[in-house]
Structure formats: structure tokens, C-alpha cells
Amino acid sequence: MSTSEEISALLVTRFGTDPLDIRPEVPLRQLRLDSLALEELRLLIEERMDVDLQDVVLSSRDTVGRLVAAVCAKAGA
């Protein structure tokens, strides 16, 4: 499963996001992810994908594509 697919699966199963809404250009706030939800998502991604995202700064204004890119960068590091 790709990084994008893993993140999409988490968004759908843990946050009830409609899979059709998850596109690279969509801001995270449009998916109803506030700062608390983003922190929860970060922890879930770290646990599921075994990456350290502690120094990755994301806000609800960032896009799904930015989130995926940040996780890919850390996974490849």
C-alpha cells in the first residue's frame, strides 16, 4: 500500500472522511481536520508507518498532497 493509500485509509476509517473528498489539492480543513485531529492523525501515521513526524509542521491550511509529501520525505530519510 502506498503512503497516499495509507493516509487515505486512516482518514476514512478514523475520521469518517468521504474517500471521494481525499485529493492532493484539498486543504485538510476542508476534510474537517482541526489542530487536534491533525495531531491525532500524526500519531496514527507514526504508529502505522513507523516514521517520526515530530518535527513536521502542518496546519489545517496545508493540503492532502503536502501531508503525503511530508510523510514520504520522512519515510525515505
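The values are calculated or read from the model by the stated rules, or taken from the named source; none is laboratory data. None of these values were measured; they are calculated from a predicted model. Every residue, glycine among them, receives a Cβ derived from its backbone with ideal geometry; neighbour counts consider all protein chains shown. Surface accessibility is based on the protein's heavy atoms, side chains included, excluding ligands, DNA and RNA. Shrake-Rupley method; radii C 1.70, N 1.55, O 1.52, S 1.80 Å.
Among the residues of this structure, Leu43 counts as one that is over 20 Å from Ser2 (Cβ atoms) and hydrophobic (A, V, I, L, M, F, W, C).
Could you list all residues from the stretch 25-69 that are touching an Asp or Glu at 6+ places or on another chain (Cβ under 8 Å) and among the hydrophobic types (A, V, I, L, M, F, W, C)? Result: Leu28, Leu31, Ile45, Met49, Leu53, Val64. The single condition among (1) β-branched (Val, Ile, Thr); (2) open to solvent by 30 Å² or more (accessible area, probe 1.4 Å); (3) in contact with a strand residue (DSSP E or B) (Cβ under 9 Å, 6 or more places away or on another chain) that Val57 does not satisfy is (3). Would you be able to say whether some residue in the stretch 17-35 is assigned to a helix (DSSP H, G or I), loosely packed, with under 13 Cβ neighbours inside 10 Å and at pLDDT 95 or above? There is at least one residue in the stretch 17-35 that is assigned to a helix (DSSP H, G or I), loosely packed, with under 13 Cβ neighbours inside 10 Å and at pLDDT 95 or above. Return yes or no: is Thr13 farther than 14 Å from Ser59 by Cα, over 11 Å from the mean Cα position of the chain (by Cα) and open to solvent by less than 30 Å² (accessible area, probe 1.4 Å)? Here the answer is no, as Thr13 does not meet what is asked.
In the stretch 36-77, what count of residues is obtained for those that are in contact (Cβ under 8 Å) with a residue 12 or more places away in the chain and assigned to a loop (DSSP other than H, G, I, E, B)? The qualifying residues number 9.
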